[in-house]
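See structure below.
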Ligand SMILES: [Cu+2]
């Protein structure tokens, strides 16, 4: 048996003479992992409205608030407002185009750890934010009388968890 002929033909020749080898090669090619899917960051429009929940003007509707807002009351020196929505979810790398609506006569603000937007009364304010890091980030209004109630969170999902979406 002359082994040198096989060596000189190379792998292609060996596969051509051996159907089992050909099937193996084809199987290996078809099972090669596809390129890993990636997440393509996108721009998301989010409208956030400042909403009064329990404020001094509410006393005409809810008489019990006289006591709550009174000296020593649970809302003394405070008013309860909300961001609507208060929880927002995006993906790492996304650009958020915020549209803030403050229909009230009170000043508010929208504060993330690295982003602050003042929201004067009776105004609409546009602002852009890039969610550069995954995590759960607190949102607050920095008006002392609105804390700790006026708060929320920005959930930034890791891009890897959204691969292919
Ligand atoms: Cu506020």
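The values are calculated or read from the model by the stated rules, or taken from the named source; none is laboratory data. As the structure is a computational prediction, the values presented were derived from the model and not from experiment. Positions of Cβ are generated from backbone atoms using ideal geometry, with glycine treated the same way; all protein chains shown enter the neighbour counts.
Numbers at a glance
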{"read-out": "Only one of 111, 91 that is at pLDDT 95 or above and within 22 Å of residue 149 (Cα to Cα)", "value": "111"}
{"read-out": "Checklist (1) loosely packed, with under 14 Cβ neighbours inside 10 Å; (2) under 20 Å from residue 152 (Cβ atoms); (3) free of Cβ contacts under 8 Å to residues at least 40 places away in the same chain applied to residue 85, failing item", "value": "(3)"}
{"read-out": "Hits in the range 73-82 (condition: more than 19 Å from residue 118 (Cβ to Cβ) and buried (at least 19 other Cβ atoms within 10 Å of the Cβ))", "value": "78"}
{"read-out": "Residues being free of Cβ contacts under 8 Å to residues at least 12 places away in the same chain and outside any loop (DSSP other than H, G, I, E, B) - total across the range 128-160", "value": "1"}
{"read-out": "Residue within the range 136-145 that is under 14 Å from the mean Cα position of the chain (by Cα) and within 16 Å of the ligand (Cβ to nearest atom) present", "value": "yes"}
{"read-out": "Residues that are crowded, with 16+ Cβ neighbours inside 10 Å and free of Cβ contacts under 8 Å to residues at least 24 places away in the same chain, drawn from the range 88-123", "value": "115, 117"}
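Matching residues to (1) surrounded by 14 or more Cβ atoms within 10 Å (Cβ to Cβ); (2) touching a residue at least 60 places away in the same chain (Cβ under 8 Å); (3) part of a helix (DSSP H, G or I):
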| residue | (1), (2), (3) |
| --- | --- |
| 51 | yes, no, no |
| 68 | yes, no, yes |
| 71 | no, no, no |
| 126 | no, no, no |
